[in-house]
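Everything below concerns the one structure shown next.
The values are calculated or read from the model by the stated rules, or taken from the named source; none is laboratory data. Keep in mind it's a predicted model, so treat the numbers as computed, not measured. Note that we place each Cβ from the backbone using ideal geometry, even for glycine, and neighbour counts take in every protein chain shown.
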Amino acid sequence: MSIMDANFHMWFVLIVTAVAVYLFAREKLPLEATSVIILTSLLLFGQLFPLPDANGRNQLDAADLLSGFANPALLAVLALLVMGQAIIRTDALRVLVNFFVNNKRMPARLAIFCILIFVMVFSAFLNNTPLVILTIPIIQAIGISAGIAESKIMMPLSFAAILGGMTTLVGSSTNLLVSSTMVELGYEPLAFFDFLIPGMMLAAVGLVYLVVVLPFLVPDRRSLKQKLEGGEKEFVAELDVTAESVLIGMEFSEGIFPALPDVDVRLIQRRGHLILPPFEGYQIEEGDIMIVAATKNSLAGLLSKFPGFLLSDEEAKIMEDSEDDEDKEGTQDLEDTVSETRILAELMIPPASRFVEMTIDQVDFKRQFGIIVLGIQRRARVVRRSMGRIRLEPGDVLLVAGAQGTVNSMRGQEQTDVTVLSGSKTELPIPKKAPVAAVIFFCTILLASAGVLSIAVAAISGAVLLVATGCLNIRQATRAIDRKILFLVGAMLALGTAMQATGGTQFIADLMLRVPFADDPLYMIALLFIIVAICTNILSNNACAILFTPIAMNMGINMGVDPIIFAIAVIFAANCSFASPIGYQTNLLVMGPGHYRFRDFMNAGIPLVLIIWIAYIAIAKFYYGL
């Protein structure tokens with residue numbers, strides 16, 4: 001097909017593609033809005049200007065263009081987001097996270113680097129997607145614990161999986177597709193390690209980029225919750241040591257009480273006497289009252305694992321009842337169920353509050369509002385007294401626990417005595433469900449990795465089981481689904497379908513054969529590489545593998561060069577899915593947790609594509625002798 005023969009349908013789709021890239025890059029419109037505009041344009045065009053095939057069927061029919069929303073890969077990604085939310089809510093990977101975070105010989109950044117190496121090595125032999133699914137919650141928790149923005153570590157995780165996947169035949173479905181296309185063309189299939197050495201060279205170059213350069217190109221984009229909470233915000237709380245407490249007999253060692261590693265003990269009240277730091281040689285006894293300072297996350301962890309540390313028996317029963325109500329969601333209205341979710345929230349005491357100068361005991365928040373005060377934050381001075389005796393002052397921030405519906409009602413009322421701080425609400429983890437969530441999660445990964453179930457079937461089944469077992473409720477599951485990913489993938493798959501149906505992809509490929517200096521193998525393989533790398537970020541890596549492998553091998557034959565070298569170039573180039581979130585499944589998986597925009601992948605991925613391209617040209621010249 002020449003430029004003059006190019007049809008109207010093809011040029012329209014190519015123009016839509018260019019407009020889509022421009023809009024995604026500029027981000028003047030929300031990503032969802034751009035996706036809907038692209039999809040609507042294609043649907044209207046296909047309806048008004050049908051493109052019949054040999055049998056008279058419209059190739060731009062709405063059913064074909066909308067089929068992307070039923071794509072198994074998209075549904076798998078959405079289900080995996082739900083599973084990730086369940087893992088976070090139950091804190092199922094806390095033991096593994098603590099190994100990395102609390103290991104004094106392994107700083108958090110070294111732990112993250114080790115995880116990247118782990119993913120890169122094993123992605124050469126296993127499916128990339130389950131590996132990334134497995135490590136996202138771990139690396140996310142390590143980043144949060146170490147105060148590292150998730151946007152700094154999620155993209156390197158995806159890129160590490162892609163780089164590792166280009167080293168062996170089974171590292172990526174793209175590699176297998178190139179090999180199977182070669183068989184269809186009459187060639188021998190590629191062997192397992194046919195391109196291991198050049199693949200390792202490219203992966204090593206990419207790893208240096210991930211560690212040295214990439215952290216400076218991705219934004220420090222934290223969630224609103226993280227920005228509001230901050231990293232060092234501490235509350236003063238009170239721990240009462242009851243007769244059944246596991247704290248009894250615990251001795252102060254190496255600057256901490258072992259069961260309270262993230263808590264700063266300010267003083268201990270013991271039978272009317274005050275014990276001040278340092279506490280060397282002291283053991284906790286029954287009846288002790290410990291005044292401590294801890295972050296919101298630390299107190300949430302204590303409340304989830306050891307309610308008796310922070311709550312009386314009566315208060316613990318109230319919280320347990322609200323959780324039991326949540327488990328009975330099958331017999332309740334959805335909104336009622338959601339309102340019973342246990343959460344933490346922050347309340348500020350405004351200057352006009354009638355609670356100013358009253359003690360926390362006098363206010364009796366439990367009776368007035370149905371909430372329980374866990375801690376107080378006061379920046380003016382250090383608080384060293386029992387919680388109930390603290391007199392409230394304007395600007396004090398109280399950390400409270402209660403049902404979500406109760407806290408929401410306080411926000412909705414004309415309430416002048418307390419102000420619910422926006423964005424401060426945090427759902428409490430439910431660690432008693434952690435074993436259930438962990439078993440379901442790892443079984444899902446195992447079944448998908450072993451090929452017993454497809455990734456889509458395994459992920460959807462796992463998500464349903466997590467909801468059915470109470471690891472999260474329906475509302476939490478639906479909130480975990482990222483609508484940006486839904487609309488983006490659906491629209492771009494529709495665009496890819498339209499490009500193939502109208503001959504746009506074949507037109508681009510044919511143009512390569514008409515460029516000047518087409519008789520120089522090194523020049524042509526470099527041009528082939530960069531064109532495939534560009535297309536793989538617009539279409540899909542699998543489509544590019546199928547489309548360009550025959551073209552590449554024909555180029556090699558025409559130039560008198562081993563066509564296998566050109567086929568391997570297609571493998572490496574089609575795996576350069578770094579510059580677009582739709583380029584590869586793992587990019588979609590990290591897009592939500594990393595709070596990324598479309599442009600973030602372009603800013604960070606395009607330099608990596610160019611670096612891999614330059615490295616491959618050097619490999620083609622000195623390793624393959626072109």
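Brief remarks follow.
- Residues that are modelled with pLDDT under 85, closer than 14 Å to residue 498 by Cα and assigned to a loop (DSSP other than H, G, I, E, B) within segment 1-58 comprise 7, 53, listed in sequence order.
- Test: residue 345 is within 30 Å of the chain's Cα centre (by Cα), under 24 Å from residue 269 (Cβ atoms) and at pLDDT 75 or above: no
To keep it simple, each residue is scored yes or no on (1) assigned by TED's automatic domain parsing to the domain that holds residue 209; (2) under 13 Å from the mean Cα position of the chain (by Cα); (3) crowded, with 24+ Cβ neighbours inside 10 Å.
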position	(1), (2), (3)
121	yes, no, no
129	yes, yes, yes
133	yes, yes, yes
145	yes, no, no
161	yes, no, yes
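- Index of the failed condition, residue 171 passing every other in (1) among the small types (Gly, Ala, Ser); (2) buried (at least 21 other Cβ atoms within 10 Å of the Cβ); (3) within 22 Å of residue 215 (Cα to Cα): (3)
- Restricting 534, 485 to residues that are at pLDDT below 80, of a type outside the set (Asp, Glu) and under 26 Å from the mean Cα position of the chain (by Cα) narrows the list to 485.
- Close pairs from segment 109-138: first closer than 15 Å to residue 203 by Cα, partner outside any helix (DSSP H, G or I) and of a type in the set (Phe, Trp, Tyr), Cβ under 9 Å, at least 6 apart: 128/584
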